[in-house]
Every structure is written in structure tokens, then in C-alpha cells.
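Let me begin by presenting the structure, written as C-alpha cells, before commenting on it.
The values are calculated or read from the model by the stated rules, or taken from the named source; none is laboratory data. This one's a predicted model, so the numbers in the text were calculated from it and none came from an experiment. In this analysis, Cβ positions are derived from the backbone assuming ideal geometry, glycine residues included, and neighbour counts consider all displayed protein chains. For accessibility, only protein heavy atoms count, side chains too; no ligands or nucleic acids. Shrake-Rupley method; radii C 1.70, N 1.55, O 1.52, S 1.80 Å.
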Amino acid sequence: MYPRILLSTLNARYIHASLGLRYLLANLGDLREQAALREFSLARPLEDVATGLLESLGPEDGRPQILGLGVYIWNVSATTALVQRLRAMRPGLILVLGGPEVSHEWAEQDIVALADYLITGWGELSFPRLCRALLAGERPAEKCIVGEQPPLDRLALPYAEYSDSDLAQRHLYIETSRGCPFRCEFCLSALDRTAWPFPLPRILAALASLYARGARQFRFVDRTFNLSVAHAGAILEFFLAKLAAAPEQPLFLHFELVPDRLPAPLRTLILRFPPGVLQFEIGIQSFDPEVQARISRRQDNAATEANLSWLRQATQAHLHTDLIFGLPGETLASFAAGFDRLLALEPQEIQLGVLKRLRGTPILRHSAEWAMDYDPAPPYALRANRLLAAESVRDFSRLARYWDLLANSGKHPQGVALLLRAETAALPDSPFARFQQFSRWLWQQREQTGGFSPEDLTDLLFTWLSSEAGLDPALVRAALRADYLGSGARGHPRCLLGHLPKWQHPPRARHALSSRQAQHRDQAEGAGSSDHGAAQQQPGHGRDTEQGQHANPEAQQGQQ
């Protein structure tokens, strides 16, 4: 029996699972048995995706066939091309769009022109209502349907829609609240009035069910998980009880935290978690008070620094922090000062991103005053503004990529520590300025920001540190040897020829969902051995850590 309703999207990677589509499935009510979900990744050829979708729907038989597509900033270009193919292959297919990318400023979008219907915003009630009409042979006159915001206690939770293979192979996204009380103008959550929590007993029951089915990786997408101490505390206590009952079982939890809110009850709970379990995504974005005020971001910088310092020094949590380059009024110098300030707090990761002008966000109001020039193509990244020339933005984008490869990956802690901290007259005092010099040199050498092997990066670091920075080659080689041994790589960098053991064992296996934190952890654990003592450890790589990408790909920028 073929479904009459098919839900689909193009995920950034296979490992992601669409929470939004599972919400739609769970809330179809009596139509659920006529519906199915089929997800693809952007890596799949679009011709294969189109064919797969039509095969899932089966042949045309005169009855309505509905395809609902989730559209996001990272997939809108590919989804537009997919819709064009589907229109040519099956003209009678009813195409319904939804998602953040088509919920605002949609009137001129090519993909909306190609579709039959669009639901903006919330879809859990509006999509089933539209499907019932379409399956009954009715065609609503209005193409754009404004989604109805339901009380959260009326929604069916989506977690039973995660399959056993999802639990075993993919990221599981969980939300315990919606909305955000803050008004940061780069974020779609600025359009919300407040944050609404789901009833806590239902959330705890859903978590218990997922855990009983074998789920051990939970990625919470709440914008402000720690806003309610009682709510967050109950969830942390739930997982602490699971750890106490089965300490041998692996567990990974990712939360997005408000940086300046960490009261004593939450601290007490966080302290009880062992290494490798907690990952906190913490959006700093900017330390400049004038920039913060300009974009309506409320942040107590002193409290933020105190909280980050406590988390690094007292707990085993992995900290994934964020900074945004290009905010209106932020200069290169003030951004560099903010980076150095954050680096001194030693988070394991600092995600560096260029400002994106998401559709519908209030950041648009600054465009004229600050000459904000955004790329018209997704993801609408800043190209230049009144204070930052286009070359400065391109230069930073390359720096951000190199930082992720070298620092955030956790594979080069001692080499990066030498780059950022070693005392040498050849380099400026600012860690940001040091890395910027290295980044410009690396671009001149290779004119690429990807495709480097571990051996390439090791050799490039050696050349820079020993030649450009003027450090003792023996000191540099010892540091890079320690890093290379700890990384799990088993090649032969030129700078380490004759300094590595004969490889007799394959690299250690790592869990596919937590490889980056495992890398940080393994490097940190080896730092005290004879092979790892040649250079000081990089700030931010001293504790148990995890993975490298944002927990919530559906958020589009969110805390960015």
C-alpha cells in the first residue's frame, strides 16, 4: 500500500534526522497510516532523490498524492532543483513546502513559485488540516497558509517516530521548550515572544522511552535550556539516575546554554556528571557591549566569563562556544579582542562564523547605516560592511576554516599551543593576530581551505613554527610528534621521518557520533606521558570533550 502523504527533506548529512518532519508525522492523527517519511542527504544525486520519492509514492492512480518538503537555509538551492525535477516527472504531484527558509520573505522565492502550497511557521495543526482537504478533493484557494501555533500540551510528541536504526546510527534531536525570551537580531528566535516549556512529565516519559529503546545520544535543541532551573534540573537528574543505575553504559548529552545564567542548583548537578557525557553549546557572539546593545543582545559579560571559567576548571563538560564575525559596528580589532578574551577562558572549541542575514530576522534594520552587504545566495553570508572590506571578510573566512581544522579538531593541541602562546619576537602578542598571520601564510602556500591530510597539516605547522616563527625545530618536532601520535593518524609526515615508531596497530576506533570530543579527550589523557610533554598544552584542550558541529541543524543560525 503506497502512502498518500510523503514527508521528506535533504539533510546536511545522513547522520542528521529531521525533528520537524517527525513532528508532522506524529500529529497527523487519523492520517498517520496514510503517511510515510523518506529522508535523503545532500550528498545524494538529485535525480536519485526524485526517483526515490516517486517510487515511494507509487504510480499515479487518480487519487491525490501529497509531498511535503522541509526547506532550510542549507538545502534550499538543492531543494529548488529537486522540485523542478519533480514537476517535470510528475506534474500532478501536490507539493507542500514548510520550514524556516520559506516562512519569511517567501513571495519572490523560486521554490515557492514552483510549489502548490506553503505553510509558514508552525505546521503541526495546519499541515494535517490541509492534507485532509486535499485528500477529500478540495483545493484551498490560498497558496500561503499561516501556521497555527498550538498549545504545547496539545501536540503529540515525535519521539516514537525515531526508528531503531535512527537510534543506532543518527543524531537524536529533543526539545523540551520552544521559543526564546531574548531578542538577538541575527536569530530567528528574535521573532518569538517568550519561551514555552513542554509539560515536564511528558518530556521525562519520552526520554525514558527512548532510553529504554537503546538511545544513548541526546541532543537538546532548546534555545535556552538553563532558563528554568527547575525544568533543566529535572532533566539532568533524570540522566544522573540512569548513570547511577548503569554506569557502564555510554551516554552523551548536548545542551545549548544561556552563558550568563548558571545558578548554584544547576552547578551542583553538573558537577556530578563524569567525563565525556556533557557538551554545552554556548553562544557568546561578541564581548563588545556596544555591539551587544545594537543587536538587542542581553549578556552579562562578567557573569559569562565567571561561568565559563567555572565550567572549565571545576567540571568535565565539553564547551563548544560561538563567536560571530561581522556584526554591525564590530571592528576587526574588537573581534580580535573578544576572541583573545574567550580563548583565555579555555573552551575546548571556539566556532567562528561569519554573520548570515537569515530571512525574517531583524538584523536587516542595520543594513543602511552599516552598509551591510550580504550574499544574495544561501546562506546569505556577509560580504562586507562599513567597517570590514570584502577582503577582510574573505580573509576571516579562511582563518575560521583553518581554526576548525587545527584547533577545534583537537588533533594538534601542542602545535597550536606553540603557535598561540610561545614567546617569540617574530609573532605579535595577540593569539588572534598570531593565528591570522599563520592563516595568511597558509593560504599563500596552498590557496585551499580543505583537502589537507593529517600529514600535510603537521608539515605545514612545522614549517611555520620553525621557520616563520623562529622556534627551536627540536621543540616544534617534539610537540608535533606528540600530537601526531595522539591523533590516531598513521602516516609519515616529512618533518617526523625517523621520529615515529613502526606502525603495527590500526588507529583506535572512535564512536562515529562523538569523534571530536573523543579526540580532545584522548589528547588530554596522553598529555602527561613522555611522548606528550614537549610543549605546553593548548588552552582549551585539557579536558574530556566531543564532536564538532552544531547540535541543531534545523536552527539555521540560532545562537550560531
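Of all the numbered requirements in (1) within 29 Å of ALA156 (Cβ to Cβ); (2) in a helix (DSSP H, G or I); (3) touching a residue at least 24 places away in the same chain (Cβ under 8 Å), LEU266 misses one, and that requirement is (1). Taking the conditions exactly as written (assigned to a helix (DSSP H, G or I), in contact (Cβ under 8 Å) with a residue 60 or more places away in the chain and at negative phi), does TYR23 satisfy them or not? Yes: the conditions hold for TYR23. Summed over segment 183-193, the residues that are surrounded by fewer than 22 Cβ atoms within 10 Å (Cβ to Cβ) and either touching an Asp or Glu at 6+ places or on another chain (Cβ under 7 Å) or in a loop (DSSP other than H, G, I, E, B) (or both) give a count of 4.
Scanning segment 18-63 for residues that are of a type in the set (Lys, Arg), open to solvent by 10 Å² or more (accessible area, probe 1.4 Å) and closer than 26 Å to PRO150 by Cβ turns up ARG32, ARG38.
Among the conditions (1) surrounded by fewer than 19 Cβ atoms within 10 Å (Cβ to Cβ); (2) more than 22 Å from the chain's Cα centre (by Cα), the only one that VAL291 does not satisfy is (1). Residues that are under 26 Å from ALA156 (Cβ atoms), in contact (Cβ under 8 Å) with a residue 40 or more places away in the chain and either open to solvent by 60 Å² or more (accessible area, probe 1.4 Å) or not in a loop (DSSP other than H, G, I, E, B) (or both) do occur in segment 113-127.
Give GLU248, GLU237 a once-over and let me know the one that is over 25 Å from SER163 (Cβ atoms), open to solvent by 20 Å² or more (accessible area, probe 1.4 Å), part of a loop (DSSP other than H, G, I, E, B) and charged (D, E, K, R). Exactly one of GLU248, GLU237 is over 25 Å from SER163 (Cβ atoms), open to solvent by 20 Å² or more (accessible area, probe 1.4 Å), part of a loop (DSSP other than H, G, I, E, B) and charged (D, E, K, R), namely GLU248. Among the residues of segment 81-95, the ones that are open to solvent by less than 10 Å² (accessible area, probe 1.4 Å) and within 26 Å of PRO376 (Cβ to Cβ) come to 4 in all.
Restricting attention to segment 348-365, the residues being open to solvent by less than 10 Å² (accessible area, probe 1.4 Å), within 15 Å of TYR380 (Cα to Cα) and not in a loop (DSSP other than H, G, I, E, B) number 1. For segment 159-187, the set of residues classified as in contact with a Pro (Cβ under 6 Å, 6 or more places away or on another chain) and under 23 Å from ARG365 (Cβ atoms) consists of GLU185 only. The set of residues in segment 393-431 that are among the hydroxyl-bearing types (Ser, Thr, Tyr), open to solvent by 20 Å² or more (accessible area, probe 1.4 Å) and touching a Gly at 6+ places or on another chain (Cβ under 9 Å) contains only THR424.
Can you tell me which residue in segment 314-347 is farthest from LEU382 (Cα to Cα), limited to those that are among the charged types (D, E, K, R) and open to solvent by less than 20 Å² (accessible area, probe 1.4 Å)?
Looking at the filtered set, the residue picked out is ASP322.
Set side by side, the residues ALA141, ALA107 differ, and just one is assigned to a loop (DSSP other than H, G, I, E, B), over 18 Å from ALA35 (Cα atoms), open to solvent by 30 Å² or more (accessible area, probe 1.4 Å) and touching a strand residue (DSSP E or B) at 6+ places or on another chain (Cβ under 9 Å), which is ALA107. When segment 145-157 is filtered for residues that are within 17 Å of PRO201 (Cβ to Cβ) and part of a loop (DSSP other than H, G, I, E, B), the ones remaining, listed by number, are PRO151, LEU155, ALA156, LEU157. Screening ALA206 on (1) modelled with pLDDT of 95 or more; (2) surrounded by fewer than 16 Cβ atoms within 10 Å (Cβ to Cβ); (3) under 25 Å from the mean Cα position of the chain (by Cα); (4) not aromatic (Phe, Trp, Tyr) shows it passes everything except condition (2). Can we say GLY410 is on the phi > 0 side of the Ramachandran plot, part of a loop (DSSP other than H, G, I, E, B) and within 22 Å of the chain's Cα centre (by Cα)? Judged against the criteria, GLY410 is a match. Closer than 20 Å to ASN27 by Cβ and of a type in the set (D, E, K, R): is that true of ASP153 in this structure? Against the criterion (closer than 20 Å to ASN27 by Cβ and of a type in the set (D, E, K, R)), ASP153 qualifies.
Starting from residues that are among the aromatic types (Phe, Trp, Tyr) and farther than 24 Å from GLY179 by Cβ, keep the ones in segment 254-288 and report whichever is surrounded by the most Cβ atoms within 10 Å (Cβ to Cβ). Filtering first and then ranking leaves PHE287.
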